[in-house]
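Read-outs throughout are calculated quantities, based only on the coordinates presented, and are distinct from any laboratory measurement. Here the structure is a predicted model, which is why all the values come from computation and not from measurement. Virtual Cβ from ideal backbone geometry, glycine too; neighbours counted across all protein chains shown.
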Amino acid sequence: MQTELYADTIGEITVSGAIVRIDLVSLSATKRDASNQPVPEFRQRVIMSIEGFANSFEVLQKAMHGLIESGAIRRNAQPAEAAPVPPAAAGATKTNGATHAGSPNFA
């Protein structure tokens with residue numbers, strides 16, 4: 001039999017090189033904050049490659065879409081559409097005919 005773990009949420013996601021660390025947290029049964037709310041406590045960490053994380057993200061998106069379609073989850077008001085920003089105004093660079101955002105991740 002496999003051990004199962006319950007977590008209330010993801011506390012933090014850290015990317016270091018080619019590794020993604022996902023910290024799972026649960027609300028404490030005994031510790032409270034100043035507002036008498038349960039304090040989140042670290043439970044376990046999931047460690048995977050960036051490729052594995054990207055694949056998992058796609059699976060989670062499909063699951064979320066299915067939950068929304070079935071009515072199990074309702075979306076709140078959609079964020080307002082922002083006016084498109086021309087690439088030059090956003091500090092974008094152009095490489096080989098393709099426009100990239102100013103972020104070094106897209107250089």
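At most 15 other Cβ atoms within 10 Å and a DSSP loop assignment: could you name the GluC sites (Glu not before Pro) in region 3-79 that fit? Intermediate results must be reported in sequence, preceding the final value.
Working: sites: Glu4, Glu12, Glu41, Glu51, Glu58, Glu69; in loops: Glu4.
Those satisfying the criteria are Glu4.
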- Query: Mind checking the dipole of region 1-73: about its Cα centre, +1 per Lys or Arg Cβ, -1 per Asp or Glu Cβ, Debye to the nearest 20?
  - Reply: 180
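Suppose R0 equals 35 Å; then what is the FRET efficiency for Glu69 and Arg32 from their Cβ-Cβ distance, rounded to the nearest 0.05?
0.40
So how do Arg43, Arg32 line up by other beta-carbon neighbours within 10 Å, fewest first?
Numbers: Arg43 14, Arg32 11.
The most exposed by this proxy come first: Arg32, Arg43.
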